[in-house]
Amino acid sequence: MCFDYKTMAISSLESLMEKWERFFQEYCKDKIESAALLYPEKKSLVLDYWDIDKYDAELGEYLLEKPYTAIFTAEEALKRIDVAGEAPPLHFRVKNLPETRKIEIRDLRAVHLGKFISVSGLVKKVTEVRPKLQDAAFQCKRCGAIIKIPQEENVLTEPAECYADQGGCGRKSSFKLLTDKSEFIDSQKIELQESPEGLRGGAQPMRLVIYLEDDLVGDVVPGDRITVNGILRVQARRTGKLKLTEFNKVMDAVSIEIKDQAFEEIAITEEDEKKIKEVSKDPMLYEKIRNSIAPTIYGLEMEKEALALQLFGGVPKTMPDGTRIRGDIHILLVGDPGTAKSQLLRYISQLAPRSIYTSGKSSSAAGLTASAVRSDEFGEGRWTLEAGALVLADMGIACVDELDKMSPKDRDALHQAMEQQEISIAKAGINATLKSRCALLGAANPKFGRFDEYAPIADQINIPPALLSRFDLIFPLTDKPDREKDEALATHILEVHKYGEMLSHEKDLEIDKIKPVFDPEFLRKYIAYAKRNVFPVLTEEAMEKIREYYVEMRARAKETVPFTPRQLEAFVRIAEASARMRLSNVVTAEDAERAIKIVEYYLRKVGIEREMGEFNIDIITTGITKTQKDKMRIITDIIRDICKETEAPAPLEEIVERAQEEGIDKATVEKLISKMRKEGIIFEPKHGKFRLTSE
Ligand code: ADP
Ligand code: MG
């Protein structure tokens, strides 16, 4: 028998069912038996599309073209397969559709409606799982008969009359829904968003609403990368009570494939691999990669080198006791407006595989981490869990501009997201742990407009010190007039503009100056290859180098703490990234030196004790420098003396005068006084007069 699905009428449903039945009998008996055995823990027969296609290409084609009918008949046929006297109602789920059926969310059109297709993306939102009425039982208020109505719409369908063929009285009546006699099915709604790597720079990702039922629910969480094979259908849109003629596209899921492998989206051919390996041996590799990052931005060599290392990242470790140490390198750029921070972030977000660019200020409700809210619009009154930037950037880089403007909720959640690289949410019907295994690249502007190199970072940006200490590297970018640098920068920017103008009408123009050494596409492949295949291990020499430096720096410091164990981990991560960059499976002394060079550069810029010439990590973590501590001690002594001498609170002018004698200028005294007051060390019993809290 041969049938043409295009002309097939309902009468041939039976023949279709027979076709399925034969297929199941001949090829799937074992699978059906084991599925039936595991019922109801497992409720589906899951098949590969190509198994069906191999058996009967026409049947496969029919499934793709008329999926609702095909799946309905297949499920009916499944009930006829007798396995040990039982035939539980199994779902028929098909995976691995042909390439031609893989459609980008943004390319979904009316022709895809009612067809079996496959979409891939990132799970952005999921609702809690709720029971949905499937087979409703109604009781006739006139005769008491029970009438069953299958529910296919989102709104409740009631019986039109008390159907005589179901044993009812046959009259028009009113009905009561009997929930205990009705059948419910678990349902869940999710929102899938296009994967960032598929997007052309800056384009807004498109989204698709997908409905999951029964055994498909509860398996995906926001941030998962999945392929959903399903059927596209329309859903009426309403404004108030009016139905609109424009419909929404939604999908009914048939099967879900969760992707685990990072970077599988980036295809690397054998030819690519050859080139990658060749390039990795280039003695100028580090310079070349660095110079491939944002070539239109002048200077900032060390910052760019650090960003390059961040792209590769260190090696994450899971200890036997289950603790996980992150490999991702978190970097923060702080500095004056107009110092190319945003530019760098945008460049990295376009270069890095799997990355997200967002602003702390303008992020969606989910913000940087995640949110659980009862949502009317999406969740139809259900709790909805939504992924924020760090979850969406899982296995990539989250570039967050204006990090200082993030919401207080994110501020709290960010510690866990950065260190444990997961975000736990427990609220109402939702209890989930979302993964945020990404590197954070943040940018922040100073609170007071301009960055003061001589004041502690923690005082100048609106990010709590505890959070600052989670960053492996913090780079201040300052915009101070400097004749030589200004001239070079101006020349560079002007040239970039000139070339840009020329490029706009001379397509083939080759401009070495602003052309990256490696084009972004190749570099992306190189990074993906390294992250996928290279897991460097510290050598004895590298460990020795780092240990020596660490111990030496701590020993040299007198009262201050130059590094904490946290910095030690930063050294390791950066050294690993350095090894990875040249595809080396061992971290050598040279890699350790590169890490030391970069950490030292960063500490010199932010953590150095100017007067003493010593590093002091306290500047970052507590916002107090050693000299500040000393000065505070001097001021405390002065206040104590004055109070004792005069038996009254110490007037500010008097404190300033005496402090000046000790070499502390007026502005510093005033700043420290206000700081000490905030911290409760002193108080102001009368305006402009101070006392020690402790005496
Ligand atoms: P920020 O985010 O730090 O405030 P932007 O990234 O918005 O600054 O940069 C402002 C402008 O100045 C951009 O057009 C950028 O290209 C330019 N600019 C700033 N510094 C440099 C530099 N070092 N080289 C080239 N262009 C620069
Ligand atoms: Mg900016």
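Quick notes on this one:
- Peptides 316-323, 121-128, 348-355 ordered by average Cβ neighbours within 10 Å, highest first: 121-128, 348-355, 316-323
- Projected-area mean, the chain, by convex hull of Cα positions, square nanometres: 44.8 nm²
- Relative packing of peptides 68-81, 98-111, 667-680 - highest average C-beta neighbours within 10 Å first: 68-81, 667-680, 98-111
- Percent carbon-and-sulfur accessible area, the chain, ignoring ligands, DNA and RNA, probe 1.4 Å: 50 percent
- Of LYS29/LYS189; LYS43/LYS148; LYS341/LYS447; LYS249/LYS435; LYS281/LYS525, those spanning more than 21 Å from alpha-carbon to alpha-carbon: LYS29/LYS189; LYS43/LYS148; LYS249/LYS435
- Taking the Cα centre of the stretch 255-376 as reference, the dipole from Cβ charges on Lys and Arg (+1) and Asp and Glu (-1) amounts to some 380 debye.
- For the chain, the residue among ALA439, ALA136, ALA579 whose Cα projects farthest onto the positive side of the dipole built from Cβ charges is ALA136.
- Antiparallel content of DSSP bridges confined to the chain, in %, to 5: 70 percent
- The loop-placed trypsin sites (Lys or Arg not before Pro) in the stretch 150-189, going by DSSP, that have at most 13 neighbouring Cβ atoms within 10 Å of their Cβ come out as ARG171, LYS172.
- Among GLY688, VAL111, VAL155 the positive-end extreme of the charge dipole of the chain (Cβ point charges): VAL155
- For the stretch 8-113, a simple Cβ point-charge model (Lys and Arg +1, Asp and Glu -1, everything else neutral) yields a dipole of about 360 debye relative to the Cα centre.
- Mean residue ellipticity (222 nm) of the chain, computed from DSSP H runs ≥ 4 via -39,500 (n - 2.57), nearest 500: -11500 deg cm²/dmol
- Charged side chains reduced to their Cβ positions (Lys and Arg at +1, Asp and Glu at -1) give the chain a dipole of some 1680 debye around its Cα centre.
- Think of the chain as having a plus end and a minus end, set by charges on the Cβ of Lys, Arg, Asp and Glu; of SER174, VAL656, ALA306, SER174 sits farthest toward the positive end of this dipole.
- Cleavage-rule hits (chymotrypsin sites (Phe, Trp or Tyr not before Pro)) in the stretch 368-461: DSSP loop, at most 11 neighbouring Cβ within 10 angstrom: PHE448, TYR454
- Highest average packing first - 274-286, 215-227, Cβ atoms within 10 Å: 215-227, 274-286
- Protein heavy-atom accessible surface, 1.4 Å probe, per residue over the chain: 49 Å².
The values are calculated or read from the model by the stated rules, or taken from the named source; none is laboratory data. Just so it is clear, the structure is predicted and the values come from calculations on it, not from any experiment. Here Cβ is always computed from backbone atoms with ideal geometry, including for glycine, and neighbour counts include all displayed protein chains. These accessible areas exclude ligands, DNA and RNA; they are computed on the full protein's heavy atoms, side chains included. Shrake-Rupley method; radii C 1.70, N 1.55, O 1.52, S 1.80 Å.
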